[in-house]
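Read the structure below first, then the notes.
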Amino acid sequence: MYKTPAEAKAFVEAFLPLVANQTRDEIALFPSATSLSTVVAATAGSTVAVGLQNMHWAEEGAYTGETSASMLKAAGATHTLIGHSERRQYFNETDELVNLKLHTALRHGIIPVVCIGEVLDEREAGKTADVLCTQLRGAFTGIAPEAAAPIVIAYEPVWAIGTGKTATPEMAADAHKIIRAEVAQILSPAIAETIRILYGGSVKPENASALLTQHDIDGALVGGASLKPDSFAAIVNY
């Protein structure tokens, strides 16, 4: 919940020149709903995609304050976050709701970034694998392997979000390995090989290289460090 439309426009104008030569990675920005159209317009002609931080599962209806997939697409967005840890923590989003949203996103041709991750108590109790596998199975219920290609998974160790704590590269890689193995069980080994799994949890320029060079980590879901054009560009260009 950062940036007015004017601030978001200024961010994009400063950010785009810093990543103009980046051809290796796909870049997507996820502004708040009030800045979505502004960011879509500001990124026009660039390779930077735009998504929304949340999306409702219903086509339309009496869901005050929510945004439908059709509204998201009409505004020019191509991506959405689903089940971000803060949505789970503060707004009681469950695996069942994540599943409903995932089905809706795929039906509308929206690229879903499905977020999963354990809290500190779960990690300290040795339950990380159980939590991740349970969240994946809940999210992917009823998803056919042939429909799963657009899905991106983001692993967010909740204890490392906004705390300054970061999973070590080895801890992050271990979690990604668990996720990839579970995707192979739920969907197929072929999909598990190609599905992109991002790491999100206090990613910053200082640790981006160590994290993103790990074998099973395919990219980053960046929070606080993405609020400034130079720090986000430094992560993109690591």
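None of the figures in this text is laboratory data; all of them are computed from the coordinates on show. Note that this is a predicted model, so its numbers are computed, not measured. No Cβ is skipped: glycine too gets one built from the backbone with ideal geometry, and neighbour counts run over all protein chains shown.
Tell me, what is the percent relative contact order of the chain, built from C-alpha pairs under 8 Å that lie six or more residues apart? Please report the intermediate quantities before stating the final value.
Numbers: 410 pairs, mean separation 37.3, N = 238.
Once normalised by length, the contact order is 16 percent.
Could you order the peptides 21-34, 69-82 from most to least packed, using the average number of other C-beta atoms within 10 Å per residue? Before the final figure, lay out the partial values.
On the way: 21-34: 15.4, 69-82: 19.6.
So the peptides 21-34, 69-82, ranked by packing, come out 69-82, 21-34.
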key: Count of Lys pairs (Cα-Cα under 28 Å; at least 8 positions apart or interchain) in the chain   = 20
note = When the charge dipole of region 5-236 is computed with +1 at the Cβ of Lys and Arg and -1 at the Cβ of Asp and Glu, the Cα pointing farthest to the positive end, of Ala172, Asn207, Ile235, is that of Ile235
request  = Report, in whole Å, the centroid distance computed from the Cα atoms of region 131-155 and region 179-238.
outcome  = 17
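What FRET efficiency, computed as 1/(1 + (r/R0)^6) with R0 = 25 Å and r the Cβ-Cβ distance, is obtained for Ala10 and Glu66, rounded to the nearest 0.05? It would help to have the intermediate numbers written out before the result.
On the way: r = 28 Å, r/R0 = 1.12.
Efficiency for this residue pair is about 0.35.
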message = So for each of 218-224, 146-152 I average, over its residues, the number of other beta carbons within 10 Å; can you give me the resulting order with the highest mean first?
response = 218-224, 146-152
query = Hey, rough spin-label estimate for Arg137 and Ala234, points 7 angstrom out along Cα→Cβ, what's it come to in nanometres?
reply = 4.2
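Based on the Cβ-Cβ distance of Thr78 and Ala190, what FRET efficiency does E = 1/(1 + (r/R0)^6) give at R0 = 25 Å, to the nearest 0.05?
Working: r = 24 Å, r/R0 = 0.97.
Step by step, r from the Cβ atoms, then E = 0.55.
Please report, in debye to the nearest 20, how large the charge dipole of region 5-236 is about its Cα centre when each Lys and Arg carries +1 at its beta carbon and each Asp and Glu carries -1 there. Show your work: numbers first, answer last.
On the way: 16 positive and 26 negative charges, 71 e Å.
Value, rounded to 20: 340 debye.
Helices from the chain with mean Kyte-Doolittle at least -0.5 and a Cα length along the axis of 30 Å or more, per DSSP H: which?
Qualifying helices, which must be both long enough and hydrophobic enough, do not occur.
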task = Pick out, from Thr23, Ala154, Ser46, the residue whose Cα sits farthest towards the positive end of the charge dipole of region 5-236, with +1 on the Cβ of Lys and Arg and -1 on the Cβ of Asp and Glu.
result = Ser46
inquiry  = If amide hydrogens are placed 1.01 Å from N in the peptide plane, which non-local residues have theirs closer than 5 Å to the one on His79?
reply    = Val50, Gly51, Leu52, Ile111
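Report the full-extension gain for the segment Glu124 to Tyr2: residue separation times 0.36 nm, less the Cα-Cα distance, to one decimal in nm. Walk me through the numbers before you get to the answer.
Numbers: separation 122, 0.36 × 122 = 43.92 nm, distance 3.17 nm.
Working it through step by step, the gained length comes to 40.8 nm.
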message = Treating only the Cβ of Lys, Arg, Asp and Glu as charged (+1, +1, -1, -1), what charge dipole size does region 114-238 show about its Cα centre? Round to the nearest 20 debye.
response = 180
message = Between region 6-44 and region 49-124, how far is it from one alpha carbon centroid to the other, in angstrom?
response = 20
